[in-house]
Amino acid sequence: MPNIIVRNYPHQTFDTLIRHGFHPVLARVYSARGIEEPGQLEIDWSRLIPFARLKNATTMAQFLATAIALRKRLLIVADYDSDGATACAVGIRALRKFGAQVDYLVPNRFEYGYGLTPEIVRVAAAGVHRPDILITVDNGIASVEGVAEANRLGMQVLVTDHHLPGDTLPEAVVIVNPNQPDCDFPSKHLSGVGVMFYVMLALRAELRAKGMFVSPQQEPNLGSLLDLVALGTVADVVKLDDNNRLLVQQGLKRIRKGSGCAGINALINIACRNFRQTSAYELGFMIGPRLNAAGRLDDMSLGIECLITDDPSRAAQLALQLDTFNRKRQEIESDMRDSALNMLENIFSGSSSLQDSSPLRPSNMPQGSGVFPSNDSSQEATNTYALTLFDPGWHQGVIGILASRIKDKFHRPVITFAPGGQDELKGSGRSIPGFHLRDALDLVSKRCPGLLLKFGGHSAAAGLTIRTCDFEKFRDAFEQTARELLGPADLKRVIETDGDLDESEITLELAEQLVRQVWGQGFPQPAFRSRFHVEDQRVVGQKHLKLKLRKAGAETGNDQPEKSVFLYDAILFLHDGPLPGVIDAVYRLQVNDFKGDVSLQFVLEHWSEATMM
């Protein structure tokens, strides 16, 4: 059973927000998320951190301005996820507006792996138009060997990245990364596309200073790229600090006005969503997965082409292909998830590792939903601190999603492996709070030299390569490391809520105010906890439970709790069994728009049977 807690918030900050006219619930929610003054919620451009504070951004801009003037050939080396694809699209669109000769190359993850490897450098050098300069986006900070190979072949390298650097930096001409040593940029959580956008802001300023633009009207409007910045930032699940929220809000503003690029508009349309109502939810759970599917199953060039075309017809065709890939990815993921859960059921069968005997079922989310509904009968593997799984039939491009699903279900660090060719296994890991995954892998590599052929990542996610014959050795070493770094309390899932709501606070207006805000990593969407009477329930869509709830009032002696006079609509995704008469529920407020009829709805994220006194 998870530990359900109420977020603390500084009452002084709460009082400040109240004095500025904030709704009491919003004042409570914002103060619990570190908002100290109303200005932090403003989306005015004046609050954007200046590019001059990003180390080497101006230096790289000067280098690029000279390269453009000399007609140097530029090649962007992208990554194969949404952040890399949007960063590449930002670079291509902006540099071409600035008159640069620029193309892109995105490594096929199955042939070349991640980042600027020596192999991909040689592919770039062998191209019809050999580039003079390579520009990495969303990668490169760990590409020591790749940059060395480029230098050997006479190509210069510019690195733009946001991942944590290793002990040695590559010998690139210029590196722009908010997490590199001696960079005092306040937003350490800038995404890869955010870094590239900042470099383009610096380049425009440099070209302006050189007199390239005869008039302000000739200057490219880089604000037109903010829809791409918003998509990459949300899809990469970076922390939504003040600066990132501003970038995302500005991007969403453009999309809602109908000013998004043809590719994003096409992806919104293929997902059957209304562009005027686009939120971070659509970016993270609708558009991002469709874009990522190309990189997971085939070639991210398809996604990049969708983002850089200005032809709506071509964008629609590419979006349809991406949607097809995403459906195939969902089928593969479903099969892999069933295989993993059967594997875990066999591992724990007959042991005390599971707290109850209920069957293992995937706690997946409906397409486009961020909800993992649960109840107190969810399984917990109590005799293990980490889960390391491998199946020879698993798809290398989908193991990251699988690891995330299993991590969410069992609240353990998880690493899943798939065959990687040449007697190697490719692994993808996801972690829980309190367990820095990359640091844990670094510890394993130092204790067992040669066990990890390569690895990288950050606290919450990482990738690695091992020899097939070393799987069991790695599994045991990783489990031992997890036991040393985690305690029993770390293995208990915690659900944070924003407390209860009074009936006077449960309104459509409040739900609409909440929907307008950007929620995400580090700035979680509000959830509330209350007790309800279940007045009606029926299955919809064959797998979801539609509910009518009344809020329970105070208990009076031996009688049942008093009932509210208000009846609320609610939905519990991926649950088709009946609920008890009275439940304790964690829920969020949703604006339900059904054929133009707008109403308030609860989305249940967790429930348990209420115990009567």
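Which one of the conditions (1) assigned to a strand (DSSP E or B); (2) more than 25 Å from V144 (Cβ to Cβ); (3) modelled with pLDDT under 95 does K454 fail to meet, given that it meets all the rest?
Of (1) assigned to a strand (DSSP E or B); (2) more than 25 Å from V144 (Cβ to Cβ); (3) modelled with pLDDT under 95, only one is false for K454: (2).
Restricting attention to segment 587-607, does a residue exist that is more than 29 Å from the chain's Cα centre (by Cα), touching a residue at least 24 places away in the same chain (Cβ under 8 Å) and surrounded by fewer than 19 Cβ atoms within 10 Å (Cβ to Cβ)?
no
Starting from segment 409-422, keep only residues that are within 15 Å of T468 (Cβ to Cβ), then list their pairs with residues that are surrounded by fewer than 24 Cβ atoms within 10 Å (Cβ to Cβ) and among the acidic types (D, E) whose Cβ atoms are within a distance under 9 Å, requiring at least 6 positions of separation or different chains.
The qualifying pairs are T416/D391; F417/D391; A418/D391.
When you go through E505, E472, E509 one by one, which is the residue that is free of Cβ contacts under 8 Å to residues at least 40 places away in the same chain and outside the structural domain of R430 (by the TED database)?
E509
Look at A262 and say whether it is touching a Ser or Thr at 6+ places or on another chain (Cβ under 7 Å), surrounded by 18 or more Cβ atoms within 10 Å (Cβ to Cβ) and either modelled with pLDDT of 95 or more or not charged (D, E, K, R) (or both).
yes
Filter segment 501-524 down to the residues that are open to solvent by 70 Å² or more (accessible area, probe 1.4 Å) and in a loop (DSSP other than H, G, I, E, B), then identify the one that is farthest from T278 (Cα to Cα).
Filtering segment 501-524 for residues that are open to solvent by 70 Å² or more (accessible area, probe 1.4 Å) and in a loop (DSSP other than H, G, I, E, B), the one farthest from T278 (Cα to Cα) comes out as D502.
With touching a residue at least 12 places away in the same chain (Cβ under 8 Å), surrounded by fewer than 24 Cβ atoms within 10 Å (Cβ to Cβ) and closer than 25 Å to V248 by Cα as the only criterion, which of P165, P220 stands out?
The conditions single out P220.
Hey, among S187, S143, S191, which residue is among the polar types (S, T, N, Q) and closer than 21 Å to R122 by Cβ?
Within the list S187, S143, S191, the selection yields S143.
Here is a list of conditions, (1) crowded, with 21+ Cβ neighbours inside 10 Å; (2) within 18 Å of N244 (Cα to Cα), and R47 meets all of them except one; can you say which number that is?
Checking R47 against (1) crowded, with 21+ Cβ neighbours inside 10 Å; (2) within 18 Å of N244 (Cα to Cα), the one that fails is (1).
Could you list, in sequence order, the residues of segment 427-443 that are surrounded by 21 or more Cβ atoms within 10 Å (Cβ to Cβ) and over 21 Å from the mean Cα position of the chain (by Cα)?
Correct list: A440, L441.
Kindly evaluate V147 against the criterion of being of a type outside the set (G, A, S), within 17 Å of G84 (Cβ to Cβ) and open to solvent by less than 10 Å² (accessible area, probe 1.4 Å).
Spelling it out, it is not the case that V147 is of a type outside the set (G, A, S), within 17 Å of G84 (Cβ to Cβ) and open to solvent by less than 10 Å² (accessible area, probe 1.4 Å).
Going by what's in this entry, would I175 be described as free of Cβ contacts under 8 Å to residues at least 40 places away in the same chain, surrounded by 17 or more Cβ atoms within 10 Å (Cβ to Cβ) and not acidic (D, E)?
no
Which numbered condition trips up V494, out of (1) surrounded by fewer than 15 Cβ atoms within 10 Å (Cβ to Cβ); (2) out of contact with any Pro (no Cβ under 8 Å at 6 or more places or on another chain); (3) closer than 20 Å to S459 by Cα?
Of the numbered conditions (1) surrounded by fewer than 15 Cβ atoms within 10 Å (Cβ to Cβ); (2) out of contact with any Pro (no Cβ under 8 Å at 6 or more places or on another chain); (3) closer than 20 Å to S459 by Cα, the odd one out for V494 is (2).
Out of all the residues in segment 481-491, which are at pLDDT 95 or above and surrounded by 14 or more Cβ atoms within 10 Å (Cβ to Cβ)?
Selection gives T481, A482, L485, L486.
The values are calculated or read from the model by the stated rules, or taken from the named source; none is laboratory data. Every value quoted in this text rests on a predicted model; they were computed, and no experiment measured them. Here the Cβ is made from the backbone with ideal geometry for all residues, glycine too, and neighbour counts use every protein chain on show. For accessibility, only protein heavy atoms count, side chains too; no ligands or nucleic acids. Shrake-Rupley method; radii C 1.70, N 1.55, O 1.52, S 1.80 Å.
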